[in-house]
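Below you'll find the structure, written out as structure tokens, and then a few comments.
The values are calculated or read from the model by the stated rules, or taken from the named source; none is laboratory data. Just so it is clear, the model here is predicted, and its values are computed rather than measured. All Cβ positions, even for glycine, are placed from backbone atoms using ideal geometry, and neighbour counts span all protein chains on display.
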Amino acid sequence: MKHELIAAVDLGSNSFRLQVGRVVGNQIFPLDGLKEGVRLAAGLTAGKLLDPAAQDRGLAALARFGERLRGFEPTAVRAVATNTLRVAKNAAEFLERGEAALGFPIEVIAGREEARLIYLGVAHTLPNPQRQQLVFDIGGGSTEFIIGRNIQPIVLESLYMGCVSFTLRFFPDGKVDKRSMRDAELAARRELQSIVAPFRAVGWQEAVGSSGTAKAIADLLEQNGFVDEGISRSGLDVLRNALIDAGGAHRLKLAGLRPDRTGVLAGGVAIMSAVFKEFGLERMVFSEGALRLGVLYDLLGRYHHDDLREATVSLFMERYQVDRRHAGRVAQTALKLLRQLVPATIDDDHPDVHFLTWAARLHEIGVSIAHSSFHKHSAYVLSNADMPGFSRRDQERLARLVLAHRGKLERAQPLRGEASEWTLIFCLRIAALLHRSRDGAPPIPFSVAFTGRGFELNFESTRLADAPLTAAALSEEAVQWASVGGELKVRQ
């Protein structure tokens, strides 16, 4: 599926952003953009709950974005949420309302996945991407660090510190003095110490900063003559001292200080100073590439069948020594079942086709941990591992399918209203059951259809009679579906 216009929505901890791009070949040309300073992280209470005011600011922004995105196909828009919605305990409530306002699903992405997408965006704006780059992005609630070359990241990390959270923590009343700035820098340096050594071991030729904090600091340094271009250690020291002397960003009299940055500048400067000191930087350049551009290029890659999720699944199969032939047979039979039940899935790009195939290929990764209850181990890995290209919601969906592929169906907890997920569970369970012998023989010929409360499987009578173990397993399967209020009719 190909679109002329695609869009990315970035639900950051400080700002929400919308980027619309025009696709020309393998390139994306930014066409339109919107930015809303919602300061979501500022609404995170001590108990990690988003307060009503922050939610209202976010929902209002998403409603405006939704108006701009009217008429876009569902597959042409990708919305991602970052740190604040990773940690907020009531994130699910906000996301449900946010999706209604925006009109599109919102994915909460893990820190390293955020780092990967940031690097993808930055790499497409670098003049010489063949050089090894240290890229960092100071956001509102987290800071991502990446070393990469060309468009391939080598090392990825995400730390729980950002310009909003640090400003609230160390400069709560907006006042800045030597002690508060020192305390903020030391806290950031302590966070950085856990990643500096492995990053130095890999090495880099150039340091690059992206997104709002880096841009705000670079603009202040350049427009006030503290540096010719980008950010230098000496220029950063001048800005830091000017901030302390003024007693806060609200009293700072410098050209280029934007009102939307005044409230979070102190935290951003403290983290930037700590990064320069811990990584031993003298200078960094600024890149206009950021998370939203990376999301657009990742979306483009999926259209061109260069989907990173496929590469991740293949890597997991190798890492956990999956029996590829058996997994392939299970996937083939599961898709045969699905396509009889849902004719629209004849399209290989249908999302349910992707998820059922991935679940079938990964359903036995837990065997490498322990054969007993291996489906539980498989689900745990899929829920908690770093899986580049997959959002948290994607991983949770895969984990649910894999957990439910055998054993008691009572454990299965599809998303509310997700009738299609029960269908995927059915297809995976029956496929795994029919290939339980692992002898490579094709399954007994069958047809399948929906009933009022579940499914009906029809087999050639003589063939099923010759397979008493399979017949017994299907009888037990019918009991399982009855236990969750469904039904499975097996006919010969």
Q | Residue selected from the stretch 185-224 under the condition acidic (Asp, Glu) and over 24 Å from Leu126 (Cα atoms), by the criterion farthest from the chain's Cα centre (by Cα) | A | Glu185
(Q) It is to be established whether one or more residues within the stretch 125-146 are outside any loop (DSSP other than H, G, I, E, B) and of a type in the set (Gly, Ala, Ser). (A) no
Q. Somewhere in the stretch 105-112, is a residue in contact (Cβ under 8 Å) with a residue 40 or more places away in the chain, out of contact with any helix residue (DSSP H, G or I) (no Cβ under 7 Å at 6 or more places or on another chain), in a helix (DSSP H, G or I) and buried (at least 24 other Cβ atoms within 10 Å of the Cβ)?
A. no
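Which residue out of Arg78, Arg39 is buried (at least 22 other Cβ atoms within 10 Å of the Cβ) and on the phi > 0 side of the Ramachandran plot? Spell out how you get there, then give the answer.
Details: Arg78 fails: on the phi > 0 side of the Ramachandran plot.
The conditions single out Arg39.
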(Q) If I go through the stretch 384-408 residue by residue, how many of them are in a helix (DSSP H, G or I) and touching a Lys or Arg at 6+ places or on another chain (Cβ under 8 Å)? (A) 3
Q) Going through the stretch 443-465 one residue at a time, which ones are surrounded by fewer than 14 Cβ atoms within 10 Å (Cβ to Cβ) and among the aliphatic types (A, V, I, L, M)? A) Ala449, Ala465
(Q) Please go through the stretch 122-134 and give me each residue that is modelled with pLDDT of 90 or more and either assigned by TED's automatic domain parsing to the domain that holds Gly43 or not polar (S, T, N, Q) (or both), ordered by number. (A) Val122, Leu134
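Can you tell me which residue among Asp349, Asp307, Asp298, Asp323 is touching a Leu at 6+ places or on another chain (Cβ under 8 Å) and acidic (Asp, Glu)? Lay out the reasoning, then the answer.
Values: Asp349 fails: touching a Leu at 6+ places or on another chain (Cβ under 8 Å); Asp307 fails: touching a Leu at 6+ places or on another chain (Cβ under 8 Å); Asp323 fails: touching a Leu at 6+ places or on another chain (Cβ under 8 Å).
Going through Asp349, Asp307, Asp298, Asp323 in turn, just one is touching a Leu at 6+ places or on another chain (Cβ under 8 Å) and acidic (Asp, Glu): Asp298.
Going through Ser378, Ser447 one at a time, which residue ends up being touching a His at 6+ places or on another chain (Cβ under 9 Å) and either at pLDDT 90 or above or of a type outside the set (Gly, Ala, Ser) (or both)?
On the way: Ser447 fails: touching a His at 6+ places or on another chain (Cβ under 9 Å).
Among Ser378, Ser447, only Ser378 is touching a His at 6+ places or on another chain (Cβ under 9 Å) and either at pLDDT 90 or above or of a type outside the set (Gly, Ala, Ser) (or both).
Looking at the stretch 262-299 only, could you name the residues that are polar (S, T, N, Q) and either more than 23 Å from Val38 (Cβ to Cβ) or under 22 Å from the mean Cα position of the chain (by Cα) (or both)? Quick ask: steps written out before the conclusion?
Let us first name the residues in the stretch 262-299 that are polar (S, T, N, Q), namely 262, 273, 287.
Ser273, Ser287 - these are the residues of the stretch 262-299 that are polar (S, T, N, Q) and either more than 23 Å from Val38 (Cβ to Cβ) or under 22 Å from the mean Cα position of the chain (by Cα) (or both).
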Q: Taking Lys48 as meeting all but one of (1) at positive phi; (2) buried (at least 18 other Cβ atoms within 10 Å of the Cβ), write down the number of the exception.
A: (2)
Q.
As an exercise: evaluate Val322 against (1) of a type in the set (A, V, I, L, M); (2) at pLDDT 95 or above; (3) not assigned by TED's automatic domain parsing to the domain that holds Gln205 and give the number of the one condition it does not meet.
A. (2)
Q. Are there any pairs, at least 6 apart or on different chains, whose C-beta atoms fall under 9 Å, with the first in the stretch 26-40 and assigned by TED's automatic domain parsing to the domain that holds Pro52 and farther than 16 Å from Arg261 by Cβ and the second in a strand (DSSP E or B) and among the basic types (Lys, Arg), and if so, which?
A. Ile28/Arg22; Phe29/Arg22; Pro30/Arg22; Leu31/Arg22; Gly33/Arg17; Leu34/Arg17
Q. In the stretch 373-383, is there at least one residue being surrounded by 18 or more Cβ atoms within 10 Å (Cβ to Cβ) and in contact (Cβ under 8 Å) with a residue 40 or more places away in the chain?
A. yes
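Quick grid of which residues meet (1) acidic (Asp, Glu); (2) buried (at least 17 other Cβ atoms within 10 Å of the Cβ); (3) closer than 22 Å to Met181 by Cβ:
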| site | (1), (2), (3) |
| --- | --- |
| Asp260 | yes, no, yes |
| Met272 | no, yes, yes |
| Ala290 | no, yes, no |
| Thr312 | no, yes, no |
| Arg329 | no, yes, no |
| Gln332 | no, no, no |
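With touching a strand residue (DSSP E or B) at 6+ places or on another chain (Cβ under 8 Å), in the same structural domain as Val80 (by TED's automatic domain parsing) and farther than 23 Å from Gln27 by Cα as the only criterion, which of Phe145, Phe104 stands out?
Values: Phe145 fails: in the same structural domain as Val80 (by TED's automatic domain parsing).
The unique qualifying residue is Phe104.
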Q) Do any residues in the stretch 268-291 that are in contact (Cβ under 8 Å) with a residue 12 or more places away in the chain have Cβ atoms under 7 Å from those of residues that are of a type in the set (S, T, N, Q) and part of a helix (DSSP H, G or I), where the two are at least six apart or on different chains, and which pairs are they? A) Gly268/Thr213; Met272/Thr213; Glu278/Gln193; Ala290/Ser211
Q) If a residue has to be outside any helix (DSSP H, G or I), more than 16 Å from Asp51 (Cα to Cα) and of a type outside the set (Ser, Thr, Tyr) to count, how many in the stretch 76-96 make the cut? A) 5
Q: Select from the stretch 445-486 the residues that are outside any helix (DSSP H, G or I), over 18 Å from Leu428 (Cβ atoms) and of a type outside the set (Gly, Ala, Ser) and list them in ascending order.
A: Pro445, Thr451, Arg453, Asn458, Phe459, Glu460, Asp466
Q | Among (1) more than 37 Å from the chain's Cα centre (by Cα); (2) exposed (fewer than 14 other Cβ atoms within 10 Å of the Cβ), the one test that Arg438 misses | A | (1)
**Q.** Residue within the stretch 89-100 that is at pLDDT 95 or above, surrounded by fewer than 19 Cβ atoms within 10 Å (Cβ to Cβ), farther than 18 Å from Arg190 by Cα and among the hydrophobic types (A, V, I, L, M, F, W, C) present
**A.** yes
**Q.** Candidate set: the stretch 61-75, residues that are free of Cβ contacts under 8 Å to residues at least 40 places away in the same chain and part of a helix (DSSP H, G or I); chosen: the one surrounded by the fewest Cβ atoms within 10 Å (Cβ to Cβ)
**A.** Pro74
